[in-house]
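Asker: Quick one: the structure is below, questions incoming.
The values are calculated or read from the model by the stated rules, or taken from the named source; none is laboratory data. The shown structure was predicted, so the numbers you read here are calculated from the model rather than taken from an experiment. Reconstructed Cβ throughout: ideal geometry from the backbone, glycine too, with neighbour counts over all protein chains shown. The accessibility values were calculated without ligands, DNA or RNA, using every heavy atom of the protein model including side chains. Shrake-Rupley method; radii C 1.70, N 1.55, O 1.52, S 1.80 Å.
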Amino acid sequence: MLKKIPDLNERKLISQMHFCLPPHKVPCTAEGQYFIADQVWVKYDEDGVILDMIIIDTKLSSKSGITDGQVIAKQNVGSSLMFKRNEAHEVNQAVEGGDLPAKITQGTDIPLSKFYILEGNGTGSLENVTVK
């Protein structure tokens, strides 16, 4: 993955983030108005301002197909997606447990620079993945 994302080690990993799908805005609670990203890799500047994000969603098999929400989100690369709170809290910690440079609050538009789908080989493991 580092070949595709050379600055991965400069990003903070957040899992299961919810985003409104354009043209919807928060609270975007109805089915089809939002999607949940498996992995979101956020890059901050030295002042704690979000520069952009990369989304990586995982499928255990290429036969799984991608959801309508993933299709819409992927079409917004180069634009931004609006963060939607999950369970009434802001995101303030990365997966590895460290604090983020700044909380991500509901309604924050985050520039989406890349969207990848990782597909497993259908055996239930992600040992041999295809990046799309």
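Asker: Restricting to Cα atoms and excluding each atom paired with itself, what does the Kirkwood estimate give for region 1-79 in Å?
Answerer: Values: mean 1/r = 0.0720 Å⁻¹.
Taking every pair of different Cα atoms in region 1-79, averaging 1/r and inverting gives 13.9 Å.
Asker: I need to check one value: relative contact order of the chain, counting alpha carbon pairs closer than 8 Å and at least 6 residues apart, in percent. Write down the numbers at each step before the final one.
Answerer: Working: 275 pairs, mean separation 35.8, N = 132.
Relative contact order, the chain: 27 percent.
Asker: Of the accessible area of region 12-126, with the probe set at 1.4 angstrom, what percent is carbon plus sulfur? Display every interim value, and only then the final one.
Answerer: Working: 2800 of 5880 Å².
Accessible surface attributable to carbon and sulfur in region 12-126 totals 48 percent.
Asker: Here's another thing I want to ask about it. Amide H neighbours of V95 under 5 Å, counting only residues 5+ apart in sequence or on other chains, H built in-plane at 1.01 Å?
Answerer: Sorted by chain and number, the residues that satisfy this are L13, I14, S15.
Asker: Enter the accessible area per residue of the chain (Å², integer; probe 1.4 Å; all protein chains in place). All intermediate terms of the calculation are to be shown ahead of the outcome.
Answerer: Details: 7320 Å² over 132 residues.
Value for the chain: 55 Å² per residue.
Asker: Would you grab the residues whose amide H sits under 5 Å from the one on Y116? Only those 5+ places off in sequence or on another chain, please, with H modelled 1.01 Å from N.
Answerer: When sequence neighbours closer than 5 places are left aside, the close amide H contacts are I55, I56, D57.
Asker: If r is the Cβ-Cβ distance from N92 to N121 and R0 is 41 Å, what FRET efficiency results, to the nearest 0.05?
Answerer: Values: r = 36 Å, r/R0 = 0.87.
In this case the efficiency is close to 0.70.
Asker: Starting from the Kirkwood radius over alpha-carbon pairs of the chain, derive D by Stokes-Einstein at 25 °C in a medium of 0.890 mPa s and give it in µm² s⁻¹.
Answerer: On the way: Rh = 15.2 Å.
So the translational diffusion coefficient is about 161 µm²/s.
Asker: A further question follows. Excluding N9 itself, calculate the net charge of residues whose Cβ lies under 14 Å from the Cβ of N9, where each Lys or Arg counts +1 and each Asp or Glu counts -1. Please report the intermediate quantities before stating the final value.
Answerer: Details: positive: K3, K4, R11, K12, K43; negative: D7, E10, E96.
Summing Lys and Arg as +1 and Asp and Glu as -1 gives +2.
Asker: Let me ask something else about it. What are the GluC sites (Glu not before Pro) within region 14-94 that DSSP puts in a loop, where the Cβ has at most 12 other Cβ atoms within 10 Å?
Answerer: E31, E46, E87
Asker: Structure shown: which of K63/K114; K3/K43; K12/K84; K84/K114; K4/K84; K43/K103 lie over 24 Å apart, alpha-carbon to alpha-carbon?
Answerer: Details: K63/K114 22 Å; K3/K43 17 Å; K12/K84 18 Å; K84/K114 19 Å; K4/K84 27 Å; K43/K103 13 Å.
Violating the 24 Å limit, Cα to Cα: K4/K84.
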